[in-house]
Amino acid sequence: MTAAYEYDAALAYFMYRWKYIGEQRLSATAAKLLLNVDICIKNADIVLATPLHWQRQLRRGFNQSEDLLRALCGLRSSLEPTPKKIAKLSRHKATKAQARATRSERLENLSGAFTIQGNVSGCSVAIVDDVCTTGATGNAMARVLLDAGASEVHLYCLARTPSR
């Protein structure tokens, strides 16, 4: 897992406005913040965004990780996947919000939450997300991808909560 920044009060305010107030224009700012610290997503055959369950995406109106990936692709054309390497990660299980859950609740919450469509055999996969708190979501996605034959999985986040 690679994170551009440590999650602090300024980023908490940014995330609140982006995710919960719905200021989608901040997706471009988030992408620029990632690129400002030279986070390099290299050698990835497939680049995916962390999916939201369709019900949460409907309530929120957008998926911030998809918007972040779209903005990154707009700034770095090398991130765009080629047509023969298209895969889709889905969150088919509606889980409770992770924001206030403990680590054990997050792990239980995410059991069986993700599926992959497409062939990832032998592929290096990069996943883009906004915040990594405990790593439970990233681990659950990586497990599904590795079980489907991916050779490696890397998670790239805008921020990581500090270790306690």
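The values are calculated or read from the model by the stated rules, or taken from the named source; none is laboratory data. Predicted model only: the values in this text are computed from it and were never measured. Cβ placement follows ideal geometry from the backbone for every residue including glycine, while neighbour counts extend to all protein chains displayed.
Listed values, structure above:
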{"read-out": "Pick from region 151-164, criterion in a loop (DSSP other than H, G, I, E, B) and touching a residue at least 12 places away in the same chain (Cβ under 8 Å), ranking: farthest from residue 30 (Cα to Cα)", "value": "151"}
{"read-out": "Checklist (1) at pLDDT below 95; (2) in contact with a strand residue (DSSP E or B) (Cβ under 9 Å, 6 or more places away or on another chain) applied to residue 103, failing item", "value": "(2)"}
{"read-out": "Matching option when the condition is at pLDDT 90 or above, aliphatic (A, V, I, L, M) and either over 20 Å from residue 2 (Cβ atoms) or touching a Cys at 6+ places or on another chain (Cβ under 9 Å) (or both), among 125, 131", "value": "131"}
{"read-out": "Residues located in region 114-131, provided they are under 14 Å from residue 49 (Cβ atoms) and in contact with a helix residue (DSSP H, G or I) (Cβ under 7 Å, 6 or more places away or on another chain)", "value": "114, 116, 125, 127, 128, 129, 130, 131"}
{"read-out": "Pair list, Cβ < 7 Å and 6+ apart or interchain, from region 123-150 residues that are surrounded by 21 or more Cβ atoms within 10 Å (Cβ to Cβ) to residues that are aromatic (Phe, Trp, Tyr) and in a loop (DSSP other than H, G, I, E, B)", "value": "131/7"}
{"read-out": "Residue 29 buried (at least 20 other Cβ atoms within 10 Å of the Cβ), within 16 Å of residue 131 (Cβ to Cβ) and modelled with pLDDT of 90 or more", "value": "no"}
{"read-out": "Leading residue by the ranking (farthest from the chain's Cα centre (by Cα)) among those in region 1-46 that are among the aromatic types (Phe, Trp, Tyr) and in a helix (DSSP H, G or I)", "value": "13"}
{"read-out": "Complete set of residues in region 105-135 that are of a type outside the set (Gly, Ala, Ser) and in a loop (DSSP other than H, G, I, E, B)", "value": "119, 120, 123, 133, 134"}
{"read-out": "Residue within region 78-86 that is at pLDDT 70 or above and either of a type outside the set (Lys, Arg) or surrounded by 11 or more Cβ atoms within 10 Å (Cβ to Cβ) (or both) present", "value": "no"}
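For (1) hydroxyl-bearing (Ser, Thr, Tyr); (2) more than 21 Å from residue 34 (Cα to Cα); (3) under 12 Å from the mean Cα position of the chain (by Cα), each residue gets a yes or a no:
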site	(1), (2), (3)
117	no, yes, no
120	no, yes, no
124	yes, no, no
128	no, no, yes
131	no, no, yes
140	no, yes, yes
143	no, yes, no
152	no, yes, no
162	no, no, no
